[in-house]
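The values are calculated or read from the model by the stated rules, or taken from the named source; none is laboratory data. Remember, it's a predicted structure, so these values are computed and weren't measured experimentally. Note: ideal-geometry Cβ built from the backbone for every residue, glycine included; neighbour counts use all protein chains shown.
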Amino acid sequence: MKWKKLTLETTTEALDYMGAIADELGLEGFEIEDNVPLTEEEKKSMFIDILPELPPDDGSAKVHFYIDEDADAAAIGEAIKQTAARYAEFCDFGSMKVILSETEDKDWINNWKQFFKPFRVDDSIVIKPTWEELTDAKEDDLVIEIDPGTAFGTGAHETTKLCILGLKKYLKKGDRLLDIGCGSGILSIVGMKLGAWGAIGIDVDDNAVRTSVENADTNDLTAFYASPADIELLDDQICFATGNVLEDEALCEEIGVDYDVVVANILAPVIIPLSDIAGRFMKPGAYFISSGIINTAEEDVRAALLKNDFEIVEVNRMKDWVSFTVRKK
């Protein structure tokens, strides 16, 4: 089966109206293409490190609809234009030129899964997607099963591998673990499998937090979803919660100060301000393992860590990515 792709050339000013029109006509979602730069707030919430180069924002936009192959895409396009005409006195809709094309049938949420295969982080830690079979398992392997869903974190990226290797080296049996920016929960899960007493995982994305609970359950671990006001560090359990430690003082108070290891696989623009507060969660002598740092930002992160009186224990690199392991003095 193929889908018909219906594209209308419009303006960024009209995008809110186009959303309302799509809803009015019963069209289930659409894709926006424009050159509007991300706001500082959007960069912060998305943890953007390297931004794509966009042409100048000229106010133009394209809206793409994906329609069943049996539907009359031209008639739908005309209906959108006629509905937009009712609002023309309030908004510039641009040319509203209709472009029709055809696209292959895709599962837009799950199509990427064909590229995620089991892989080894090292000789003994294996990350396996839940839908794949593991054919080369060894008796002593630590196998972690992950379905990231729409959350970030398959474990395949160099930044995640660096954090996993850091946990394997520095986390001891009985340690208390804090995972900031938990994504799919993979680092919390690895930490528990390596012998952590208990763990807390925090992420700004509520979908990621809920995915983390499911992934922990898949790996036969006890995990629960908590509101930011009900966070608990419990024996042999992972508590996952939604929140931003850089902005929410009440959340920081709830997380507490009793951690042996703090891990953060985010990006340099977040690691830098996080280094200002990570120490408050840590015992003296505790480790802070950070990654997601592009090599061009290495010195900025190093300066921030040293400024906050951390002792740099180890710096590791994979391709263009850097991980710092530091100790609280």
Legend entry - Checking Ile21 against (1) part of a helix (DSSP H, G or I); (2) modelled with pLDDT under 85, the condition it does not meet: (2)
Legend entry - Selection from segment 217-236 of residues that are of a type in the set (S, T, N, Q) and either closer than 17 Å to Gly174 by Cα or out of contact with any helix residue (DSSP H, G or I) (no Cβ under 8 Å at 6 or more places or on another chain) (or both): Thr218, Thr222, Ser227
Inset, instruction - For residues that are crowded, with 23+ Cβ neighbours inside 10 Å and in a helix (DSSP H, G or I), tally how many sit in segment 160-193. - result: 14
Legend entry - Single unsatisfied condition, Asp276 versus (1) within 24 Å of the chain's Cα centre (by Cα); (2) among the charged types (D, E, K, R); (3) farther than 22 Å from Gly201 by Cβ: (3)
Inset, instruction - Check segment 95-106 and report whether any residue there is among the hydroxyl-bearing types (Ser, Thr, Tyr), part of a strand (DSSP E or B), at pLDDT below 90 and within 30 Å of Val63 (Cβ to Cβ). - result: yes
Legend entry - Check on Leu165, modelled with pLDDT of 95 or more, under 14 Å from Asp122 (Cβ atoms) and in the same structural domain as Asn316 (by TED's automatic domain parsing): yes
Inset, instruction - Look through Val261, Val209 and report the one residue that is under 26 Å from Val126 (Cβ atoms), surrounded by 19 or more Cβ atoms within 10 Å (Cβ to Cβ) and over 19 Å from the mean Cα position of the chain (by Cα). - result: Val261
Inset, instruction - Just one of (1) surrounded by 15 or more Cβ atoms within 10 Å (Cβ to Cβ); (2) more than 20 Å from the chain's Cα centre (by Cα); (3) farther than 24 Å from Thr222 by Cβ trips up Ile271, so point out which. - result: (2)
Inset, instruction - State whether the residues of segment 221-235 include one that is β-branched (Val, Ile, Thr) and either in contact (Cβ under 8 Å) with a residue 40 or more places away in the chain or not assigned by TED's automatic domain parsing to the domain that holds Trp131 (or both). - result: no
Inset, instruction - Could you tell me which of the residues Val263, Val257 is assigned by TED's automatic domain parsing to the domain that holds Gly181 and in contact (Cβ under 8 Å) with a residue 40 or more places away in the chain? - result: Val263
Inset, instruction - Could you tell me which of the residues Cys239, Cys252 is in contact with a helix residue (DSSP H, G or I) (Cβ under 8 Å, 6 or more places away or on another chain), touching a residue at least 24 places away in the same chain (Cβ under 8 Å), in the same structural domain as Ile164 (by TED's automatic domain parsing) and closer than 22 Å to Ala286 by Cβ? - result: Cys252
Legend entry - Single residue of segment 121-138 satisfying the filter (in a loop (DSSP other than H, G, I, E, B) and at pLDDT below 85) that is nearest to Asp203 (Cα to Cα): Thr130
Legend entry - For Ile312: the one exception among (1) touching a strand residue (DSSP E or B) at 6+ places or on another chain (Cβ under 9 Å); (2) under 21 Å from Gly183 (Cβ atoms): (2)
